[in-house]
1. Give me the mean projected area, in nm² to one decimal, of the convex hull enclosing the Cα positions of segment B:213-294.
2. Quote the charge dipole size of chain B about the Cα centre in Debye, to the nearest 20; the model charges only the Cβ of Lys and Arg (+1) and of Asp and Glu (-1).
3. Could you let me know the centre-to-centre spacing of segment A:1-76 and segment B:358-412, using Cα atoms, in angstrom?
4. Non-local amide H neighbours of B:Val44 (under 5 Å, H modeled in plane, Pro and chain starts lacking H): which ones?
5. Below 8 Å, C-alpha to C-alpha, sequence gap of six or more: please give me the relative contact order for chain A in percent.
6. Let me know the mean shielding of A:312-322 by other chains, meaning the per-residue number of their Cβ atoms within 10 Å of its Cβ.
7. At a threshold of 8 angstrom on Cα-Cα distance, excluding pairs fewer than six apart, so keeping six or more, what relative contact order does segment B:199-344 reach in percent?
8. Only counting other Cβ atoms within 10 Å, I'd like B:Ser141, A:Ser221 sorted with the fewest neighbours first.
2 protein chains.
Amino acid sequence: MDPTQADIATLRTEIATGRLTIPAVIEAHLDRIAVRDGAIGAFVHVAADSALKEAAAGAQGRLAGIPFGVKDVLDTANMPTEHGSALYSGHVPPFDAGSVARLRRAGAIVLGKTATAEFAGTAAPATCHPMDSGRTPGGSSSGSAAAVAAGMATFALGTQTGGSVLRPAAFCGVAGFKPTHGAWPVSGMLPAAHGFDAVGAIARSADDLAEIHAAMMHLPSPVAPDAPLSIGLCRTHLWDTVSDEAAAIVEAAATAFARAGIVVVERNLPPGFEDLTAHRRLVNAFERAGNMESWAVVIDGARPESQEVFARGQNVDGAAYSTSAAALDTARSRIGELFGGSDVLLTAVTPGVAPEGLASTGDPRLQELWSTLRCPAVTVPFGAGIAGLPIGVQLVARPWADVRLLDAARHLERLRG
Amino acid sequence: MDPTQADIATLRTEIATGRLTIPAVIEAHLDRIAVRDGAIGAFVHVAADSALKEAAAGAQGRLAGIPFGVKDVLDTANMPTEHGSALYSGHVPPFDAGSVARLRRAGAIVLGKTATAEFAGTAAPATCHPMDSGRTPGGSSSGSAAAVAAGMATFALGTQTGGSVLRPAAFCGVAGFKPTHGAWPVSGMLPAAHGFDAVGAIARSADDLAEIHAAMMHLPSPVAPDAPLSIGLCRTHLWDTVSDEAAAIVEAAATAFARAGIVVVERNLPPGFEDLTAHRRLVNAFERAGNMESWAVVIDGARPESQEVFARGQNVDGAAYSTSAAALDTARSRIGELFGGSDVLLTAVTPGVAPEGLASTGDPRLQELWSTLRCPAVTVPFGAGIAGLPIGVQLVARPWADVRLLDAARHLERLRG
C-alpha cells in the first residue's frame, strides 16, 4: 500500500492497525515531494522538520497523521506566508489560520505551503500541470491541486473567490470542494473579494472531502452517503463556452444518476441570472481594490496583473458597486426558483481540459457563477479529453446544504466506480 | 475655533483658508490626549511622532489633515496591533488594514490605536466613560467612542459584529455608523464572527460619517441631505428592554420627523423575526470559535471571557450552525416585508444611558438585530437621561442603502438643531 496514493479512510485504518506508522506516512510524502516537485513546483515551502517532528510526537485525532498542504494565502505560524507576492517575502504571521489550526487540532500534519497566484488573483505561479509541464494546473490554488494530483499530499487547503478551488482540481483530475460562503473559518485567510471568498479543499476523492468537512465543522464522521433526491441538469447561459467533450461528460454523469434511479430534470437559470456575471465582475473589482489598499503605497512591487486589478477597482464608485451588490443579494434570495424540487444541480466545471501555457490559469466563469450565489460546489473527475487529460463535472447545492452536496458527489464517485 | 470640537467640513474650510494648519490640528489633538486620556484610557498607543511627521509633510486629499483613531483590531503597519490581547503583545503587522489605508490615502492622519475588548469580544478594556469614570463607554469599540466624545480625535474607526460601534457611540453621545455588511474593505480586520463583522466609524456628527463613507466608497462628497420618504417606527420584540426615558427619546425623534412633514408609520417585525436573536447567538458562537482556533494552543493566555467564548463555540456542531445560518439567510430575503414602503426604520439603540461599572460594555441586543440582518445602521444622540448622560436613537436601512440612511440621520440632526 503506497501512502501517497491512499485516501484518508485507508490511511486511518492502516495506521490504527499498525501496518503503517505516522512517520512512515509523512516520510513517504516528503520523499515524493523530493522526487517530483522539482519539475512541478507545487510547494513554495516544505516544512519537513516540523512535519517529521509532529509525526514522531504521535498525532491524535480524527485526521491523525494525515499530511496536507496549505495554500500560501492562509497563515501558518511556523513557516512563511507570502501570498504569492514579493511584497510578503519572508513574512511569518504569529498564528495559524483558523482553518489550518482546526485541522491541526484534529491531528493533520502540515507538509508545507502550496503555490498561489499573487493575492489569489490572476498572476499565476510557476506551477506546472503534473501530467503535462506545458499546461497550467489551473489556479489560483495551483499548488494545492498539483500537490494532491501528484501524490505529494493527501489533501490541500485552497481558497475560492471565483473558481480557484474547483478549476485547478478539475484540471488536475482530483476532487475539489468550496463550502457555503462563510461555513469554514476565515481568520488568517487573505481577503480578496470578501463577498465571495471561501476556504476550500482539494483531495483525492469526495469521500476525503467529506472527512475534511466533518473535521472542520465538528460533525460526526461521514457514513455511507445518501443519494440525491433529484438532480437538476443546469447548462446555464454559459453552455456555449463548454467543449463538446466536456459537455458529453456532463451528460454521462446525468445518465449515470438516471440509471441509478435518481430523477434527473433540466433546470434553467431564472430570468435575470445571466446578468450575474456582469454584476459579479463589478463587485469583485471594487472589493479587491478596497482590500488591496493595504498595499497602495508599495503596489509597484506587485506583479503587473495585480497592479491592473488594483487600478481597475479604483475606477468603480460605491454607487455602482452597491447597485450590483444589491442585485446579487436579490439573486441569492431567488435561489429557490433555480433549484425547484432538485436538491443538487449538475453542470460543467470547466470548458474542457487544462489549457496550454502557464500565463493564464484558465476560464473562471463556469465556477464563479456558484461562488457568486454563495452556494457550496464540488467537482469530481468523470472522464478524459484531449491527450487523456482529466475532465470533471460540477455539483452544486443550496447554501448550507454542504453535507447533502458532498453525499451526492460521493454517490457519483460510486457510480463512476 | 477649537479644532478638537470641530467637524470635518469646518476643519477642511479652516485649513483651506489658512486659518488653521494641519500641524496645528494634530498638535491640538495630541495636547488633548495628553491632558485627558490618562483618566479615560481611550488610546492604547499614541503615534505622536508619525502623526506630526505626516502633518508637517502636508497631507493631500478630501480628508487632508483630519486626525483619526483606529480600533486596535485593525492592522496598522507602523504601530502595534494587539487586538486587546496579551497574545498579541508587541505585534506589528506588515501593512495597514484596507480601511485604514484608504483613509490615509485620502489625507487623514492616524493619531493612534484605540482600546478594544479582547478580540472585539466581551472582555472589556480599562476605558472609562468620558463623562463618568464609574461607567462603561460601551464596547467593544470602547476607545474609539471615548476618544471622539472627549475631543481626542475627529473620528475613529471601529468594528461591529453585534453592537460594537453603535452602542459605545450612543453611550458616549456621539454618532456611529455600521455600513452594510461587506461595504467597507475588510483586509487587516480581525475576524470575529464573519457573517456579521463590519468596519464602521464613530464621529462627532452624521455629516462627518457621510464624509467618511464617501471617502471609503469612492463617492462624491456629500451635499445637502435628502429627507427620508417614510420613517418606519419599529419597536421590535425587544421593546420591553427599553427604559421609559430611552423610549420617550425614540418617540421624540418620530415626532420630529412627523412635524417636518415626513410620513411616520408603525412597522412590526414580520412573524419569525423574533427567532433571530437565538439563531444569531448560535451562529456567532460557532463562527467565533472557528476563527479563534488560531489561538487554541495558547488560549490559556487569553482573558477568561474569551476562553469561555472559545469553549462555548466548540460545543456547537456544524449541523446546528448550518440550520441557524440558513434561517438567517431566509430572514434577510424577507427584508422587504419588514420595511414595506418605508426607506428608513427608527428604533431604540440602547436600553438607556451607559450603565455603571466597567466589567460589561452593556446590552448588545438592540444593535445586533440589525447586524444580523446585514443592514446598515446609524445612531445619533437625541436626548439625555439619568445624570444628564446621553441617549441616542438608531436608524436602519435596507442593505446597500447606506447613503440614504446617512441622509436620514443628517436630516434628523438638523431637526434636532
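Any read-out appearing in this document is the output of simple, stated calculations on the displayed coordinates, not a laboratory observation. This structure is a prediction, so every number in the text was calculated from the model and none was measured. FYI the Cβ positions are ideal-geometry reconstructions off the backbone, even for glycines, and counts take in every protein chain you see.
1. 9.5 nm²
2. For chain B, the charge dipole is close to 680 debye.
3. 51 Å
4. Long-range HN contacts for B:Val44: B:Lys113, B:Thr114, B:Ala115.
5. 18 percent
6. 4
7. Relative contact order comes out at 28 percent.
8. Ranking B:Ser141, A:Ser221 by Cβ neighbours within 10 Å, fewest first, gives A:Ser221, B:Ser141.
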